[in-house]
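The structure appears below as structure tokens.
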Ligand code: MG
């Protein structure tokens, strides 16, 4: 590309709206200061030839640390002393021997800036001299003097909300800052100074995700955007169980007693379906199996209602921050017909899992009279469980 970019980040502000003891550009997200996240973004843009941060001297070490490994050699991170006002900080940074043809002035607290946005603004600024990203107002805009009643409705299509980086040809931005200082002109952004001295500032479509951290829940929003994998932390587990059919036992499947000539034999109530689901939950957590948590050598589990095992496994998952996303299970039984009981089983299982019935699937099939199931020696069950961290 025919241009290169020097980035200037004024970072000397104290950000009173955040209500924190540390200025918001130094608040930590995922263990990194917000400014460090912003620096990472620019470090990944090949057309950025240097970054100049203007900060108060007490944070120079923090800024240096945040940029360590990101910049260096022919792509320096320059730290200059910030000024009283944002405009003073920018002017101090512009006093450096900048290498870029263009200068992009960016808020320290916009860590979601993307290469595509910056490149688009630079291309326009290279042609026009000055360009800013901006979002058109989406809501109807009212003017009010006192915040109590409206004075008028402002045409929305005339309202644009400025973002950063605001990009200028280097000579242009140095010139307007020099004039502004001489004339005592103050502005809250750099485009205002360019406008004040008669330069056209081109508008480029902004990015709604390029948010400026202003209030405490902005931090959460950025955290969510940066850590999608944390939100999508899912684990899958599978379980399989078989119990032998025997006369004189109750047949319990999915927590439901089902009338039949034989029942399943085992130490507990031998509910193969709930055992398979319980095993899948424990398996998803990689914490062994149902036998290691509820050993059949333990007399207290004799004839135990297997719903208790399942609930305890779900509690174990909950303690680690996981909830059940969904369950899909299959019971393999030659007889009795399970279809009439499926919905009742689903409701009971859903209750124990703490989810709505729509997240629980129970299917039944026969074994076509083949094998141990086909000979009605036993019943088998399989289950797959998805656990989702921090859901619901
Ligand atoms: Mg079992």
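Here, each number is a calculation from the coordinates, and none is a lab measurement. These figures come from a predicted structure and were not determined experimentally. Cβ sites come from the backbone with ideal geometry, for glycine too, and all protein chains shown count toward neighbours.
Arranged from fewest to most other beta-carbon atoms within 10 Å of their beta carbon, 273, 161, 256 become 161, 256, 273. A viscosity of 1.002 mPa s and a temperature of 20 °C, combined with the Kirkwood radius over Cα pairs in Stokes-Einstein, give a translational diffusion coefficient for segment 163-313 of 98 µm²/s. Determine the distance separating the Cα centre of segment 284-348 from the Cα centre of segment 161-201; give it in Å without decimals. Comparing the Cα centres of segment 284-348 and segment 161-201, I get a distance of 67 Å. Spatially, segment 3-73 and segment 375-391 are offset by 50 Å when compared through their Cα centroids. The mean sequence distance of close C-alpha pairs (under 8 Å, at least 6 residues apart), as a share of the length of segment 162-301, puts its relative contact order at 16 percent. The stretch between residue 195 and residue 267 holds 17.6 nm of extra length on full extension. This uses 0.36 nm per residue minus the Cα-Cα distance. Counting beta carbons within 10 Å around each of 323, 186 and listing the fewest first gives the order 186, 323. Computed from the Cβ-Cβ distance with R0 of 56 Å, the FRET efficiency linking residue 339 to residue 142 stands at 0.35. Beyond 24 Å, what share of the Cα-Cα pairs of segment 97-237 is found? Please give it as a whole percent. Of all Cα-Cα pairs in segment 97-237, 46 percent lie more than 24 Å apart. Straightening the chain between residue 158 and residue 356 buys 66.4 nm, computed as 0.36 nm per residue apart minus the Cα-Cα spacing. Once the chain from residue 119 to residue 215 is taken as fully extended at 0.36 nm per residue, the excess over their C-alpha distance is 31.8 nm.
With an a/c value of 1.5 or above and a/b not larger than b/c for the gyration tensor axes a ≥ b ≥ c computed over the alpha-carbon atoms, segment 265-382 is described as oblate. Quick check: from the Cα gyration tensor, does the chain come out rounded (a/c under 1.5), prolate or oblate? It is prolate, given that a/c is not under 1.5 and a/b is the larger ratio.
Listed by Cβ neighbour count within 10 Å, with the fewest neighbours leading, 335, 235 appear as 335, 235.
Determine the shape class of segment 1-152: with a ≥ b ≥ c the square roots of the Cα gyration tensor eigenvalues, call it rounded for a/c under 1.5, and otherwise prolate if a/b is greater than b/c, oblate otherwise. Oblate is the answer for segment 1-152, as a/c is 1.5 or above yet b/c matches or exceeds a/b.
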